[in-house]
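Everything below concerns the one structure shown next.
The values are calculated or read from the model by the stated rules, or taken from the named source; none is laboratory data. Remember, it's a predicted structure, so these values are computed and weren't measured experimentally. Note that each Cβ is placed from the backbone with ideal geometry, even for glycine, and that neighbours are counted across all protein chains shown.
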Amino acid sequence: MDIFDKVAQRMGPIGQHQKWSHGYFSFPKLEGEIAPHMNFRGKEHLVWSLNNYLGLANHPEVREADMKGATEFGMAYPMGARMMSGNSKYHEQLEQELAAFVGKPDAFLLNYGYQGMVSIIDALVDRNDVIVYDAESHACIIDGLRLHMGKRFVYQHNDIDSARKQLERASKLVEQSGGGILLITEGVFGMSGAQGKLKELVDLKKEFNFRLLIDDAHGFGTMGPTGAGTHEEQDCIDGVDVYFGTFAKSMAGIGAFVASTEEITNFLRYNMRSQTFAKALPMPMVIGLLKRLELLKNSPELRANLWKVATTLQNGLKERGFDLGVTNTMVTPVFLKGELLEATALTMDLRENYGIFCSIVVYPVIPKGLIELRLIPTAVHTMEDVQRTLDAFSEVSEKLKSGYYKENQFSMA
């Protein structure tokens, strides 16, 4: 078979819908200033789908820092990969400040979060090592596992007994191979909003010899007394061996970082292929990230307002009988019962008639018969935004229960 013919016949679980979903459900264009209110298809919408947790995307000090960085250095500087010719004192300053903030001796900047996590896993383990990981791990972790040439065992989501059983299996294997065990989980699971059970996993070190890597993309900047992350929230900073955070969520930027001991961080610095053979993070982003980190550390009111909005939204939804699953973070999933066509009709109704834009999640990401509307609160949403959303959700929920969306489909024309 010609490879192009094969591709045309297998567009994938999401791609198979692209002819009717493109530009609306997939690859939508939100226009205007990054804010809770943006334009979609020429109309103003209240937006709950941007990971701008602390509202830093358009913070005046951040915008000024980004502009100054671009004016002074341009987009090209520094030229080359960090190891060869792309290093700078600002890159190193950002690494030092990040390491101190998350409670680790050293940190290493990464160009992208997804790419970074894949490469961290690839660098840390070899064919003799065994990986144990949570069943609901993010796609970047799964793709990192695909590069692993050794054994890997999955445990049931946030189930410590299941994790123990898989660690028992892994321990028997490494006794023969001479390898080690890496356990991977997330600080905050971005789809469900649940915190990973970090403290309980750390406690398993009393029974097993393993190292713990956490992806805290959604927890960095939002969780813990100072915003240092979910490991701070659960008081187990020292028990997390390798900490990964991204700049794409609370920092409203591009890139990521990994933090650990000096020895392990230096190993990653010299062995992560995705960084060794890639151009360094551009200087305007680095300068801007220094300002973002400064605000994150010194403006606790931003995080306080995020939680005020999230708590008010979640409490309001629960009071109206909505199922929010197991979230104990700012991520707010709303679970409804319905099929794909009902999900698309409901989402279009929200957008076209209520002016509310949020992400929709259906099978195969979640089980058949369920619809997830995923809301991401930010520090710059208002109580008026929350009330408008609560009222709209109550109305569309009643329509769904009555069968309205089975009988009424909406046109994207």
Enumerate the pairs (first residue in the range 196-218 and under 16 Å from Gln156 (Cβ atoms); second residue anywhere and part of a loop (DSSP other than H, G, I, E, B)) with beta-carbon separation below 7 Å, excluding pairs fewer than 6 apart on the same chain, so at least 6 apart or on different chains. Gly196/Asn158; Gly196/Gly187; Gly196/Phe189; Lys197/Asn158
Quick one: which of Ala8, Ala76, Ala65 is in a helix (DSSP H, G or I) and either among the hydroxyl-bearing types (Ser, Thr, Tyr) or in contact (Cβ under 8 Å) with a residue 40 or more places away in the chain (or both)? Ala65
Any residue that is on the phi < 0 side of the Ramachandran plot, without any contact (Cβ under 8 Å) to a residue 40 or more places away in the chain and part of a helix (DSSP H, G or I) - is there at least one of those in the range 344-366? yes
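Residue-by-condition table, conditions (1) in contact (Cβ under 8 Å) with a residue 24 or more places away in the chain; (2) in contact with a strand residue (DSSP E or B) (Cβ under 9 Å, 6 or more places away or on another chain); (3) assigned to a helix (DSSP H, G or I):
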position	(1), (2), (3)
Glu44	yes, yes, no
Gly80	yes, no, no
Gly86	yes, no, no
Glu97	yes, yes, yes
In the range 106-145, which residues are at pLDDT 95 or above, of a type in the set (Ser, Thr, Tyr), over 21 Å from Thr327 (Cβ atoms) and assigned to a loop (DSSP other than H, G, I, E, B)? none
Pick out, from the range 146-259, the helices (runs of 4 or more DSSP H) lying fully within it that include 2 or more residues that are closer than 28 Å to Leu373 by Cβ. 230-233
Take Glu384 and decide whether it is under 19 Å from Phe335 (Cβ atoms), among the acidic types (Asp, Glu) and not in a loop (DSSP other than H, G, I, E, B). no
Regarding the range 319-339, can at least one residue be identified that is surrounded by fewer than 22 Cβ atoms within 10 Å (Cβ to Cβ), touching a strand residue (DSSP E or B) at 6+ places or on another chain (Cβ under 6 Å), in the same structural domain as Leu373 (by TED's automatic domain parsing) and over 22 Å from Thr378 (Cα atoms)? yes
Within the range 369-409, how many residues turn out to be surrounded by 15 or more Cβ atoms within 10 Å (Cβ to Cβ) and of a type in the set (Asp, Glu)? 2
Which condition number in (1) under 20 Å from the mean Cα position of the chain (by Cα); (2) buried (at least 18 other Cβ atoms within 10 Å of the Cβ) is the one that Ile287 fails? (1)
A careful count of residues in the range 11-42 that are closer than 22 Å to Leu350 by Cα, in a helix (DSSP H, G or I) and either of a type in the set (Gly, Ala, Ser) or in contact with a strand residue (DSSP E or B) (Cβ under 7 Å, 6 or more places away or on another chain) (or both) gives 2
